[in-house]
Amino acid sequence: MAAISAALGSVLRTGDAVVAHTVLYGCTHSLFANWYSRLGIEVRRVDMKQPERLERAIDAKTRVVYLETPANPNLELIDLAATRAAIERANAGRPEDRPVILVVDNTFATPFCQRPIEFGADVVVHSLTKNLGGFGTDMGGAVIAAEEFLRDLLLYRKDFGGVLSSKSAWAILVYGLPTLTLRLKRQQYTAGKVASFLEGHPLVRRVVYPGLASFPQRELAARQMRDFDGDFAPGNMIYFLLDEKKADPIRFSDAIGAEAYSVTLAVSLGHAKTLLEMPGAMTHSSYEGESLGFERGGVRLSIGLESPKDICRDLGRALEASRRKVAVRSSR
Ligand SMILES: Cc1ncc(COP(=O)(O)O)c(C=O)c1O
């Protein structure tokens, strides 16, 4: 969050506006909803799956377009090239010193699966706490941008104090980055197996994983998510919904917490361990009382390095434990 705060805070002034996608990580949502309103920075939320909506939302006050792709938690994708084209059209009539800039949080994909600058992003942010650190032992963030942003970024970091600890930087550079490709390749392979298992389970209503043939934005995923060799790289995150007429999501997550041995009920993602959480109640609880843009009963799964068979066995047992004794109408 220090990286996101610095990337945005070093550009924005009171009176400016941000256009952001509807679905974002809960703390980024809270930063916009609870803090930017105090600073007199307006944040407009639009569904950027439709670039024409973005274009309509940009006006003279807009300085930043902000998005995650895949978005946390429901993995919807935003077309980066189409977003860039919309921004270019908006920038054509603006003063040269006030262009709209595109800031992309690439935490879910990692640079292994997607490099937004190649599609026209000006600034990319990453949580190093996740796949780049890779082991869940250290916290940090990174901002990747052209040199013209550097001076203000460094000043912001110094004056607000969100400085990466040198000990964490060491672990991320020595253990995290050199093993990124190895971990992601294995996690992607496992994610494919787990997503297929869930898709075939009678208590699961829908599985969202960019590697599945059923993924609604499959063509965009294939175009945008590519590894360093150019191969399709759908990542290690899965989002799924239980059939709530037959299964209770709370009983499911309780069973994971109490019984599973290869899946941990916890927030965070991109670790060696497989982590499962309920965004509506955990990472995205700051959306409380607001329209979510994603389903409150959804389950987010970050695939780790365990065997796919062990992960599927744990998920299968927890699904059985979540089965309702008496069928109910959907509680959503
Ligand atoms: C997409 C995304 N961006 C940013 C963050 C913030 O990362 P950190 O916890 O390292 O501040 C998270 C954390 O879950 C995230 O999922």
222 nm mean residue ellipticity, helices alone, for the chain (DSSP H n ≥ 4; -39,500 (n - 2.57); rounded to 500): -9500 deg cm²/dmol
Degrees separating the helix 177-199 axis from the principal Cα axis of the chain, which is the longest one: 50
Rounded tilt (10° steps) of 80-91 against the dominant C-alpha axis of the chain: 20
Mean shadow area of the chain, taken as a quarter of the surface of its Cα convex hull (nm²): 16.9
The chain: Lys pairs at Cα distance under 28 angstrom, eight or more positions apart or on different chains: 27
Share antiparallel - DSSP beta bridges, the chain, percent rounded to 5: 45
FRET efficiency estimate (nearest 0.05) - Cβ-Cβ, residue 324 to residue 165, R0 56 angstrom: 0.75
With Cα atoms, 0 to 90° folded angle of helix 150-160 axis to the chain main axis: 70
Heavy-atom surface of the chain, accessible at 1.4 Å and reported per residue (Å²): 45
14 Å beta-carbon shell around residue 153, net charge (K/R +1, D/E -1): -2
Protein accessible area in the range 181-321, 1.4 Å probe - carbon and sulfur %: 54
Alpha-carbon centroids, the range 186-236 and the range 109-143: separation in whole Å: 19
Karplus-derived HN-Hα couplings along the range 247-263 (A = 6.51, B = -1.76, C = 1.60, θ = phi - 60°), whole Hz, x at Gly and Pro: 9, 9, x, 5, 4, 4, 5, 4, 5, 4, x, 8, 10, 5, 10, 10, 10
Carbon plus sulfur fraction of accessible area for the range 2-168, probe 1.4 Å, in percent: 55
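The values are calculated or read from the model by the stated rules, or taken from the named source; none is laboratory data. Note that this is a predicted model, so its numbers are computed, not measured. Using ideal geometry, Cβ is built from the backbone for each residue, glycine included, and neighbour counts are taken over all protein chains shown. The protein model used for the area step is the full one, side chains on, heavy atoms only, and it has no ligands, DNA or RNA in it. Shrake-Rupley method; radii C 1.70, N 1.55, O 1.52, S 1.80 Å.
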